[in-house]
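Comments concern the structure below.
Only the coordinates and a few stated rules stand behind these numbers; no lab work does. Worth saying up front: this structure is predicted, and the values here are computed from it rather than measured. Methodologically, a virtual Cβ is constructed for each residue, glycine included, from the backbone with ideal geometry; neighbour enumeration extends over all protein chains shown.
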Amino acid sequence: MSEKLLETKPLGSSHIEASRSAVHAAASELLGKQESGSSSFEVNLDRRNGNSMGSRKGVTSYWYASAKGLLRRARAPFYRLSGGLRYSQRYYQEQLRTCLAGSKVRSDISDHLGVLFSETVLTRPRLIVELGTRGGESTRALIAAATVCDAKMLSVDIDPAPPLEVPGRERWFFVQSDDVSFGREPDGFESWCAEHELAPEADVIFIDTSHLYQHTRDEIAVWAQRLSPSGVLLFHDTNMQTGLAGRLDGSVAYNGWDNQRGVIRAIEEFLGRNYDEQSFFVDIARGFLVTHRPNCSGFTALRRLAEHAE
Ligand SMILES: C[S@@+](CC[C@H](N)C(=O)[O-])C[C@H]1O[C@@H](n2cnc3c(N)ncnc32)[C@H](O)[C@@H]1O
């Protein structure tokens, strides 16, 4: 403790000089290498999304991305000086890298795609279920994990399937349905599993749908019963109460919606716990190892423990 206190004593001139150099080094590094890479990637994304660089929309996106990049670079030294740290996401595993190529660098779930992949691979699944697909960002990470594990993957969404052309696509199945009724009714999940010669249980269940309390309660009630004995329940949007989604790279997305703690409240009720979802935390409750990340609207894993440890 005393060492920590010593580090926070008032700055002398040598410290100020060292800080100036640190700012200078950080600024050069960010101006030169890292950030120029990321802003050009954002511009490339605009092109991939069909915004021709020659069109008015393309030009606007280009300047918007450049202005955002410049602002980020200008802020970086001050952020670092005040003790702030930034962490970007990197994907080294080949399937994951290939499947995520073309998805947004910064989105409402971008911080969690690597974790989604690793939690899934760790489970060694035969069947992965995703509830809530939208444009298929999480789907891509889960298809990559399915490929690594030689598993099947099923997505359920009330809306139609997004077009997805990624390696391992043949492992992916899609059902357009309300997820609670599909999980509950005998002619839903159970008969789907029978058709695909699988036991009626999933090893990984990723829930990312309405984010409403009552709906999440129903999802947990139905889908926890479909979880295999060593399976994991994964949730996105377990920290939405500020309406802001701060990412680990220091950027912030405004999601504009306080869902009244809908998802985390349903989890708390299921586990009989009260949590501070704006912190990182771990817990063991009701036979689950619980790990929570507050960044990027929150990501929570409930991993079933083989032996009931409380
Ligand atoms: C936040 S988006 C999912 C994002 C997706 N996981 C991704 O990473 O891109 C929520 C999705 O849940 C779907 N949804 C909402 N209510 C649903 C319900 N009752 N049953 C099934 N899907 C639902 C919506 O149609 C929407 O596509």
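At-a-glance table
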| item | result |
| --- | --- |
| Cα radius of gyration and Dmax for region 94-304 (Å) | 15.9, 46 |
| Where GluC sites (Glu not before Pro) fall in DSSP loop in region 144-242, at most 14 other Cβ within 10 Å | GLU165, GLU197 |
| Inter-probe distance in nm under a simple model that places probes 7 Å from Cα toward Cβ, at GLU170 and ARG75 | 4.6 nm |
| Cα centre as origin, Lys/Arg/Asp/Glu Cβ charges: region 94-304 dipole, Debye | 560 debye |
| Cleavage-rule hits (chymotrypsin sites (Phe, Trp or Tyr not before Pro)) in region 56-150: DSSP loop, at most 15 neighbouring Cβ within 10 angstrom | TYR87, TYR92 |
| Stretchable slack from ARG124 to SER181, in nm (0.36 nm times residue separation minus alpha-carbon distance) | 17.8 nm |
| Extent along principal axes [Cα atoms of region 176-282; Å; largest to smallest] | 45, 28, 27 |
| Label-to-label distance, nm, for residues given as THR242 and LEU198 (7 Å Cα→Cβ offset) | 3.7 nm |
| Per DSSP, loop chymotrypsin sites (Phe, Trp or Tyr not before Pro) in region 275-307 with at most 11 further Cβ within 10 Å | PHE280 |
| Pairwise centroid distance, computed over Cα atoms, of region 211-262 with region 95-167, Å | 16 Å |
| Proportion of all alpha-carbon pairs of region 224-310 beyond 15 Å (%) | 58 percent |
| MET240, MET153 arranged by Cβ crowding within 10 Å, fewest neighbours leading | MET240, MET153 |
